[in-house]
Amino acid sequence: MFLSVFLFVSGDAGRSVLSLYFLYIVGVIVYELYAGQKKPIVRLAFIFLGQVYIALPLSLLNLLAFPSLRVPLPSFADSFWYQWIWIIALFVFIWANDTGAYLIGVRFGKHRLCERISPKKSWEGFFGGLGFTVIFAFAFSHFFPQTAWYHWVGLSIGIVIFGAYGDLFESLIKRTVDVKDSGHSLPGHGGFLDRFDSLLFAVYAMLFYLQLFAFGN
């Protein structure tokens, strides 16, 4: 999915390249007809959940990087066809939010955000992360004044809110399958997926915002 979307939106291939991904989907379904597994529907459900939950939002990063999305924005990059600033901003805002939420949450966290799903997350941590992210939003507005400061702040708020839901959803998955970490490839971080759980939802916030508002005014 990621490769097909990248080749299409970057202009390196025509719309027909998307058929490669659809061919893969059909191939997965046909494979289950002959695999002889006891619960093929369950297997397919897990496969397609991974496609929608992980592959789709990561593929949408391509729409932020290339102007084929037709977002009415000035180009910040050296090349008009590569809008690197939105990718950088997305990751920096997520990192700022995670840092602020951790520092404030550990020090002042008392009111649980969603104790049933994630007992360690607090409202204090949420607003601490939001405050950190807004500070970075003003920094971006200083270095990239082509976009008004209130748009940068709006983007940061949307990313924090969607990112929080992404974090909670990943926690819900782990609780549902009764595991503590999503993997062991990154010891001490809860697993590889934990490093991207906020991103998987936050990318939608940035895409929605860029589509709803005209920048550079």
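The values are calculated or read from the model by the stated rules, or taken from the named source; none is laboratory data. Because the structure is predicted, anything quoted here is derived from the model rather than measured. In this analysis, Cβ positions are derived from the backbone assuming ideal geometry, glycine residues included, and neighbour counts consider all displayed protein chains.
Looking across the stretch 20-33, the residues that are modelled with pLDDT of 90 or more and not acidic (Asp, Glu) come down to 21, 22, 23, 24, 25, 26, 27, 28, 29, 30, 31, 33. Determine whether the stretch 170-179 contains at least one residue that is under 30 Å from residue 45 (Cα atoms), among the hydroxyl-bearing types (Ser, Thr, Tyr) and either at pLDDT below 95 or outside any loop (DSSP other than H, G, I, E, B) (or both). Yes, the stretch 170-179 contains a residue that is under 30 Å from residue 45 (Cα atoms), among the hydroxyl-bearing types (Ser, Thr, Tyr) and either at pLDDT below 95 or outside any loop (DSSP other than H, G, I, E, B) (or both). Is it fair to say residue 44 is over 22 Å from residue 65 (Cα atoms) and surrounded by 11 or more Cβ atoms within 10 Å (Cβ to Cβ)? It is true that residue 44 is over 22 Å from residue 65 (Cα atoms) and surrounded by 11 or more Cβ atoms within 10 Å (Cβ to Cβ).
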